[in-house]
Every structure is written in structure tokens, then in C-alpha cells.
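The values are calculated or read from the model by the stated rules, or taken from the named source; none is laboratory data. None of the values given here were measured: they were computed from a predicted structure. Cβ atoms come from the backbone with ideal geometry, glycine included; neighbour counts cover every protein chain shown.
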Amino acid sequence: MQKIEAVIQPSKLDAVKDALLEIGVEGMTILEARGHGRQKGHTEFYRGREYTVDLLPKIKLEIVVPDELLEKAISSIISSTRTGKIGDGKIFISKVDEAIRIRNDDRGLSAL
């Protein structure tokens, strides 16, 4: 099993969810996050005063998939979020040793 953590733009969330459901990924955790990468925020004016917005709104998806679905899931995320501009996001992959469903103690892939 592999854990995919993807940090994406909020406007791309529905497209990513639809793309993942299409390939059979049903469970995911979605978190609202704030941060910045290379774009480093921007400056705005409000009521005549200048202020810096250095932490931009982001969405963080956490998904655990079987090894055979990993590449399809990554491709789905990339194809539904890529604009080619700074701020498209990042994907991080890590190995999951075990998954346990609390309700009935299912373990491994059956817990997903």
C-alpha cells in the first residue's frame, strides 16, 4: 500500500475527486491548508493600506491506495490539476506498512 499526499489549488478539488472516483479510489481525506512554495504570496491593497498575503490557501489530499493503483492515481491527480504555472502543487508518496479499520479490525487492503 502507498500513501499519496497531494497539495493542490482549492479550485481543482472537484476535478481531482472526480478523476480519482473514476479509477476506483473511493476513500480520501481532504484538509484545508495554507502555505507557499516558489510563488511566495503576493501584495494586496485593502482600504488604501498595503498588506502581504504570504500564506496562500491550499488543499491537502491524503489517499492510501494499493500498489497497483498508485500510478493511475498519480496520473489522475496530475492531469486534473496541471496548469503549467507556479502553484500547481506537489505530490508526495510514502509506503504504508499496515492499515486497520477501527470498526471491525479489518487489516491490510481490506481496511481501505
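Scanning segment 58-107 for residues that are farther than 15 Å from residue 28 by Cβ, loosely packed, with under 13 Cβ neighbours inside 10 Å and within 10 Å of the chain's Cα centre (by Cα) yields one hit, 90. Residues in segment 45-98 that are part of a strand (DSSP E or B), at pLDDT 95 or above and under 10 Å from residue 8 (Cα atoms): 59, 60, 61, 90, 91.
If you go through segment 29-44 and keep only what is under 21 Å from residue 94 (Cβ atoms) and at pLDDT 95 or above, you end up with 29, 30, 31.
For segment 8-28, check the following and say yes or no: at least one residue is small (Gly, Ala, Ser) and over 17 Å from the mean Cα position of the chain (by Cα).
Residues of segment 8-28 small (Gly, Ala, Ser): 11, 15, 19, 24, 27.
If we keep only those that are over 17 Å from the mean Cα position of the chain (by Cα) as well, we get none.
No, every residue in segment 8-28 fails to be small (Gly, Ala, Ser) and over 17 Å from the mean Cα position of the chain (by Cα).
Find the residue count for segment 46-77, including only residues that are in contact (Cβ under 8 Å) with a residue 24 or more places away in the chain and out of contact with any strand residue (DSSP E or B) (no Cβ under 7 Å at 6 or more places or on another chain).
Filtering segment 46-77 down to residues in contact (Cβ under 8 Å) with a residue 24 or more places away in the chain leaves 56-67, 69-70, 72-74, 76-77.
Add one more test, that the residue is out of contact with any strand residue (DSSP E or B) (no Cβ under 7 Å at 6 or more places or on another chain), and what stays is 66, 69, 72, 76.
Total meeting the criteria: 4.
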